[in-house]
Amino acid sequence: METRMAEIEAFDLVVFGGTGDLARRKILPALFKRFCAGQMPSPSRLIGAARSKMSAAEYCDFVRAALREFCDAADGREVDQFLEHIDYVTLDAMGDQGWQKLADKIGTQTVRAFYFSVGPSLFKELAERLHKWELVGPDSRIVVEKPFGRDLETARALNRVLCSHFDESQIYRIDHYLGKETVQNLMAVRFGNMLFEPLWNAQYIDHIQITVAETVGVHGREAYYERAGAMRDMVQNHLMQLLCLIAMEPPAKFEPDAVRDEKLKVIRALDTVEPHHIVRGQYTQADNVPGYREDVGNPRSTTESFVALRCQLSNWRWAGTPFYLRTGKRLKSRDSQITVVFKDAPHSIFGPEAGRHNNELTIQLQPNEGITLDVTIKEPGQGGMRLMDVPLDMSFAEALGPDADAPDAYERLIMDVIRGNQTLFMRDDEVEAAWAWTDPIIKGWQARGDVPKPYDAFDFGPDMAAQLMRRDGREWRGIKA
């Protein structure tokens with residue numbers, strides 16, 4: 001399968017926090033892969049900037065080691081050529097040290113992108129110094145990672161800081177989930193196929209499930225996670241974005257603000273979640289793996305590592321159709337999927353012995369990206385009409401061929417920054433609307449003194465999560481044993 005590549009202008013990408021874990025694991029490998037694909041034309045450059053004192057040659061050694069570890073890039077010609085585009089400056093985000101050197105290193109490229117791969121506490125200082133040293137032009141962009149605040153108040157303050165130095169069109173709030181190929185295919189399935197859109201409403205859909213399950217714990221992120229929890233870390237951003245793409249109205253055009261306008265309407269249509277529709281959990285020790293409280297070193301922690309919610313949208317399309325959201329750490333398997341469960345046929349002509357069946361559309365985000373549609377057929381053999389469900393299965397690897405190397409989310413999103421395409425990035429009002437819905441949920445369980453329910457590591461989450469569904473006569477899909 002031949003892949004069509006969009007042309008990219010020459011650019012300078014400055015990564016503040018260029019020696020950090022995110023740069024090592026994601027940003028540097030993503031840029032290298034795009035370089036190999038021909039999307040980093042000369043004289044484009046990547047400039048690492050951090051407090052660590054090292055020379056450009058030492059930083060190249062750091063980059064080489066990162067590529068070897070995280071994208072299996074053996075030393076060779078391509079790596080050497082990529083390193084020719086790499087530079088480094090030791091820089092103090094809180095002071096003026098290194099800023100003149102950075103200004104001297106930046107070339108004359110029209111497109112300049114500044115990746116804030118640092119904590120939000122440094123955003124203000126970085127923004128002020130970029131302007132002080134006149135490094136920002138009309139085609140400059142900044143990329144900021146989550147967390148976008150920890151509540152509505154801090155999110156608004158963060159947006160005010162960024163918008164006081166940059167136009168909203170220059171700010172790219174990155175959520176790597178939106179860069180996943182299957183997430184983008186969700187929009188193609190919905191809006192590119194007449195087959196689904198007429199059925200995409202409360203009249204035909206019984207309910208929708210969104211699951212993001214992880215087997216890993218909080219190792220390496222203990223301090224952050226203990227302050228955040230699953231609600232802030234996953235639901236407020238990643239799962240919220242998936243919910244928006246599933247539930248949004250068709251935008252008039254596939255353009256950044258048209259898409260983001262429709263996503264914002266979904267968030268604003270979300271009802272308040274009742275306390276009995278919320279389940280929080282915390283993993284405990286199992287299989288010689290420490291529990292959450294041992295991992296974070298707090299024997300009285302009440303931070304959730306698992307959360308499940310039953311949500312409702314008050315609009316014409318979705319009134320009465322529940323959305324079930326679930327995410328957690330140390331679960332049975334790594335599994336991220338969206339399941340759209342259609343209603344039963346209003347009347348079965350085959351009699352009770354045939355059983356009751358409905359159609360399900362499953363969008364598998366990870367692992368093994370693909371889309372499956374379960375349809376009802378006759379069970380083979382004699383002895384009457386018995387029905388069974390079989391999948392119409394499209395694995396991307398099988399359908400597109402072994403040579404179809406889908407780009408990593410960061411590859412796609414970084415290139416969108418360079419192109420100036422904000423479709424897959426969150427706008428300021430969208431971030432604030434998400435916090436306006438999330439804050440009352442968190443404040444509610446804090447006021448009630450709710451304690452997360454324990455669940456064994458590498459299990460399916462707390463029993464109450466299953467009961468949340470069974471009260472409605474439904475069952476969770478996904479998280480295979």
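The values are calculated or read from the model by the stated rules, or taken from the named source; none is laboratory data. For clarity, every value in this text was computed on a predicted model and none was experimentally measured. For neighbour counting, all protein chains shown are included, and Cβ atoms are generated from backbone atoms with ideal geometry for every residue, glycine included. We work out accessible area using only protein heavy atoms, side chains counted, and drop any ligands, DNA or RNA first. Shrake-Rupley method; radii C 1.70, N 1.55, O 1.52, S 1.80 Å.
List of remarks:
- Filtering region 169-191 for residues that are assigned to a loop (DSSP other than H, G, I, E, B) and open to solvent by 50 Å² or more (accessible area, probe 1.4 Å) leaves an empty set.
One line per residue, one yes/no per condition, for (1) in contact (Cβ under 8 Å) with a residue 60 or more places away in the chain; (2) over 17 Å from the mean Cα position of the chain (by Cα); (3) assigned to a helix (DSSP H, G or I):
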{"position": "D206", "(1), (2), (3)": "yes, yes, no"}
{"position": "Q209", "(1), (2), (3)": "yes, no, no"}
{"position": "M231", "(1), (2), (3)": "yes, no, yes"}
{"position": "Q236", "(1), (2), (3)": "yes, no, yes"}
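- Residue selected from region 20-41 under the condition part of a helix (DSSP H, G or I) and open to solvent by 40 Å² or more (accessible area, probe 1.4 Å), by the criterion farthest from F116 (Cα to Cα): C36
- Screening S121 on (1) open to solvent by 80 Å² or more (accessible area, probe 1.4 Å); (2) among the polar types (S, T, N, Q); (3) over 26 Å from F425 (Cβ atoms) shows it passes everything except condition (3).
- Restricting the first member to region 283-304 and to residues that are under 20 Å from A228 (Cβ atoms) and small (G, A, S), and the second to residues that are open to solvent by 40 Å² or more (accessible area, probe 1.4 Å) and outside any helix (DSSP H, G or I), the beta-carbon pairs closer than 6 Å and six or more apart or on different chains are G291/T284; G291/Q285.
- Residue list for region 52-89, restricted to those being of a type in the set (S, T, N, Q) and in contact with a helix residue (DSSP H, G or I) (Cβ under 8 Å, 6 or more places away or on another chain): Q81
- Once region 100-114 is narrowed to residues that are touching a Phe, Trp or Tyr at 6+ places or on another chain (Cβ under 9 Å) and closer than 11 Å to L13 by Cβ, the residue that is modelled with the lowest pLDDT is Q109.
- Selection of region 277-291 for residues being under 27 Å from C311 (Cα atoms) and either outside any strand (DSSP E or B) or of a type in the set (G, A, S) (or both) yields H277, G281.
- Check on A10, in contact with a Pro (Cβ under 9 Å, 6 or more places away or on another chain), within 26 Å of K132 (Cβ to Cβ) and touching a residue at least 60 places away in the same chain (Cβ under 8 Å): yes
- Hits in region 307-325 (condition: open to solvent by 10 Å² or more (accessible area, probe 1.4 Å) and either assigned to a strand (DSSP E or B) or within 21 Å of G229 (Cβ to Cβ) (or both)): R310
- When each of A73, A66, A127 is tested for being surrounded by 15 or more Cβ atoms within 10 Å (Cβ to Cβ) and modelled with pLDDT under 90, the lone residue that passes is A73.
- For region 261-284, a residue qualifies if it is farther than 15 Å from I442 by Cα and either surrounded by 23 or more Cβ atoms within 10 Å (Cβ to Cβ) or in contact with a helix residue (DSSP H, G or I) (Cβ under 7 Å, 6 or more places away or on another chain) (or both), and the qualifying residues are K263, L264, V266, I267, R268, L270, Q282, Y283.
- Region 443-472, residues that are assigned to a helix (DSSP H, G or I) and open to solvent by less than 10 Å² (accessible area, probe 1.4 Å): A465, L468, M469
- Among the residues of this structure, V161 does not count as one that is open to solvent by 10 Å² or more (accessible area, probe 1.4 Å), among the hydrophobic types (A, V, I, L, M, F, W, C) and closer than 30 Å to T284 by Cβ.
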